[in-house]
1. With everything on Cα atoms, drop me the angle between helix 31-47 and the longest principal axis of the chain, reported from 0 to 90° to the nearest 10.
2. With unit charges on the beta carbons (Lys and Arg positive, Asp and Glu negative) and the dipole taken about the Cα centre of the chain, which residue among M1, L44, M23 sits farthest to the positive side?
3. For the chain, with all protein chains present and a 1.4 Å probe, just round the carbon and sulfur fraction of the accessible area to a whole percent.
4. In Å², and per residue, what accessible area does the chain have when probed at 1.4 Å with the other protein chains present?
5. By how many degrees, between 0 and 90 and to the nearest 10, does the Cα long axis of helix 13-25 differ from the longest principal axis of the chain?
Amino acid sequence: MAKPIEATPVLKGDDAFEFVSEMENGTKASEEEKKSVEQGASFLESMLTFVF
């Protein structure tokens with residue numbers, strides 16, 4: 001039987017401040033990264049043998 005999934009702990013103190021600052025100052029994916037992800041998704045989709 002599977003183990004129950006525990007709740008994600010709440011960020012506190014310096015960890016919370018670092019997380020918020022990273023989210024505010026984060027950079028978006030470049031066009032090259034987006035294209036790479038799209039190609040990978042297309043490849044995986046082409047390997048699927050079942051229909052939804």
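1. Tilt relative to the chain: about 50 degrees.
2. M1
3. On the way: 3440 of 5740 Å².
That fraction is 60 percent.
4. Values: 5740 Å² over 52 residues.
So the chain comes to 110 Å² accessible per residue, rounded to a whole number.
5. Long axis of 13-25 versus the principal axis of the chain: about 50 degrees.
The values are calculated or read from the model by the stated rules, or taken from the named source; none is laboratory data. If you're wondering where the values come from, they're calculated on a predicted model, not measured in any experiment. Here the Cβ is made from the backbone with ideal geometry for all residues, glycine too, and neighbour counts use every protein chain on show. Please note that ligands, DNA and RNA were not included when accessible areas were found on the heavy atoms of the full protein model with its side chains. Shrake-Rupley method; radii C 1.70, N 1.55, O 1.52, S 1.80 Å.
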